[in-house]
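What follows is a single structure, written as structure tokens, with notes after it.
The values are calculated or read from the model by the stated rules, or taken from the named source; none is laboratory data. Being a predicted model, the structure only gives us computed values, none of them experimental. Backbone-built Cβ (ideal geometry, glycine too); neighbour counts: all protein chains shown. Remember, those area values only see protein heavy atoms, side chains included, never the ligands or the DNA or RNA. Shrake-Rupley method; radii C 1.70, N 1.55, O 1.52, S 1.80 Å.
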Amino acid sequence: MPAAPTTSVPAQPQPGVPVGLPPAPAQPAGVQPSALQPTALRPRPAAKAAAAPPSKKLKPGDLVCGQCGEGNEPVRKFCSRCGQSLATATVASTPWYRRILPHRKAKVLAAGERPGRRGPRSGVNFGAIVRFVRNVVLVLIVVGGIVYAAVPGVRDAVNQRVNSVINSVTGTVAAPTPVHATTVKASGASAGHGGALAVDAFSNTYWSAPLNTEPHPTLTVGFASGTNVTVMLFISGDADNYLAEPRPKELHLVFSNGATQNITLADEAKSQQFDIKGASGITGMTIQIMSVYPSTTGDAVSVSDIEFFGKG
Ligand SMILES: [Zn+2]
């Protein structure tokens, strides 16, 4: 009986065990991580981006990053340059000089259109010319304003010029100019005190009219044709001794155009000013003294000076 072979037979593959592979290394034993006590948070180094000028021109409404200064479109939530939240970003505002100056709106390009100049190159940049002229005018306004404010002579000259322009437009006279008599005739006069001395523009000479021969003396003055008198200055009395002679009290003016005006003077030596109404386009007027402030020593009413102002 042949003995049963003793040689080992190849092992039959066992289910679950790979054939021909080295045995799997031993798995490391599980390690339970030890518990950590909570510690103070270390401060995280802030990603500090240095503030820098925005990379593009700020437009009104842009959100300016508080961290780096970049301008961001209003729809953004985080800075396009540094990533900082824009929740507290400041909104770029329009400078005052941009608000008062006309400016072009941002051009909206049609689909397929390219930015840049449209049409054929003409060689003339009207936009640049307009901007240049605008800047020149701005500089002139600023410099002119400084000169106007700093130099009194320039200020006075400008004010005078502006007033004359306003007057020529509105037809009003802000500062009447002197109107001088071309003729003068008194109804009567004391020797050496003729009527012309009342209108000679000197207040140290005077016209003196005796009241015993003419109780209502008149002074008739002539002007150049078409004169307008708007203001009259009157200085009463004997120039050397105010109380020595009677002073005029009530005047009755008759203009060459037929209009009349009554004036009551105060009994004082200083110049008195009166607005004259209706003396437009006249060639003269008659000033009649209707009553006087009497004097204890003399009986000739005296007038130192009469001056007329208006448009000649
Ligand atoms: Zn930023």
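For Arg155, what accessible area in Å² do you get when you roll a 1.4 Å probe over the heavy atoms of the protein chains, rounding to the nearest 10?
Spelled out: Arg155, probe radius 1.4 Å, area about 80 Å².
Using only the heavy atoms of the protein chains and a 1.4 Å probe, how would Leu140, Leu36 rank by accessible area, largest first?
Numbers: Leu140 115, Leu36 160 Å².
From most accessible down to least: Leu36, Leu140.
With every protein chain left in place, what is the accessible area of Val199 in Å² (1.4 Å probe, nearest 10)?
Accessible area of Val199: about 30 Å².
Students often get this wrong, so check it: of Lys185/Lys270; Lys270/Lys311; Lys56/Lys77, which have C-alpha atoms separated by over 22 Å? Spell out each step's value before the answer.
Working: Lys185/Lys270 24 Å; Lys270/Lys311 25 Å; Lys56/Lys77 18 Å.
Lys185/Lys270; Lys270/Lys311, as the Cα separations exceed 22 Å there.
Each label point is 7 Å from the Cα along the Cα-to-Cβ direction; what then is the distance between the points at Lys270 and Lys77, in nm?
8.0 nm
Sum up the charges of everything whose Cβ sits under 11 Å from the Cβ of Phe234, counting Lys and Arg as +1 and Asp and Glu as -1, but leave Phe234 out. Before the final figure, lay out the partial values.
Working: positive: Arg247, Lys270; negative: Glu268, Asp305, Glu307.
With Lys, Arg at +1 and Asp, Glu at -1, the neighbours total -1.
May I ask which residue of Thr286, Ala269, Gly298 lies farthest towards the positive end of the charge dipole of segment 209-312, with charges of +1 (Lys, Arg) and -1 (Asp, Glu) on Cβ and the Cα centre as origin?
The listed residue farthest towards the positive side: Thr286.
Give me the number: length gained by fully extending Ala26 to Trp96, i.e. 0.36 nm times residue separation minus the C-alpha to C-alpha distance, one decimal in nm.
Contour length minus Cα-Cα distance gives 17.3 nm.
Please give every one of the aspartates and glutamates within straight-line cross-link reach of Lys107, meaning a C-alpha to C-alpha distance under 18 Å, and leave out same-chain neighbours fewer than 8 residues apart.
Within reach: Asp62, Glu73.
How do Lys311, Lys277 rank by accessible surface area computed with a 1.4 Å probe, from largest to smallest?
So, going from the largest accessible area down, we get Lys277, Lys311.
Mind giving me the FRET efficiency for Thr260 and Asp156? R0 is 45 Å, r the Cβ-Cβ distance, nearest 0.05 is fine.
Working: r = 39 Å, r/R0 = 0.86.
After rounding to 0.05, the efficiency reads 0.70.
With θ set to phi - 60° and the Karplus curve 6.51 cos²θ - 1.76 cosθ + 1.60, what are the ³J(HN,Hα) couplings of segment 273-288 in order, to the nearest whole Hz, using x for Gly and Pro?
3J(HN,Hα) across segment 273-288, in whole Hz: 10, 9, 7, 9, 10, x, 8, 10, x, 9, 10, x, 8, 10, 9, 10.
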